[in-house]
Amino acid sequence: MAHVRCPSPTCQDRLTDFRDLRSEAEIEGARQVLLPMLDGGHFVAKAFHRCGTDGCRRVQRKDNWRVGTFLPAGL
């Protein structure tokens, strides 16, 4: 777990607990939404984590909170 900034509307730019991506579905969903942001780079699941706040679907890089987006609904 990491305690970092979450810019989502749910968390309102507060520090929250983030956790590693867990399931294959969660990893695949993150890959799909993050690939367009990586400018031809490779998606490495271990480089990203997910906000642990209930109802928040934010995923972002562990070393740069600005590189992130939201998982599809249901994940």
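The values are calculated or read from the model by the stated rules, or taken from the named source; none is laboratory data. Quick caveat: nothing in here was measured; it's all calculated off a predicted structure. Here the Cβ is made from the backbone with ideal geometry for all residues, glycine too, and neighbour counts use every protein chain on show. For the accessible areas, the whole protein counts, side chains as well, though only heavy atoms, and no ligand, DNA or RNA atoms are used. Shrake-Rupley method; radii C 1.70, N 1.55, O 1.52, S 1.80 Å.
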For the chain, which whole percent of the accessible surface, found with a 1.4 angstrom probe, sits on carbon and sulfur atoms? 50 percent
Using a 1.4 Å probe, how large is the accessible area of residue 35, given in Å² and rounded to the nearest 10? 60 Å²
Could you tell me which residue out of 41, 7, 25 lies farthest along the dipole of the chain toward its positive end? Charges go on the beta carbon: Lys and Arg +1, Asp and Glu -1, centred on the Cα centre. 7
Of every Cα-Cα pair in segment 16-75, the percentage lying beyond 18 Å is 21 percent
Expressed in square angstrom to the nearest 10, the accessible area of residue 10 with a 1.4 Å probe stands at 70 Å²
Return one whole number: the accessible area per residue of the chain in Å², for a 1.4 Å probe. 61 Å²
Under a Cβ-only charge scheme (Lys and Arg +1, Asp and Glu -1), can you give me the dipole magnitude of the chain about the Cα centre, in debye to the nearest 20? 160 debye
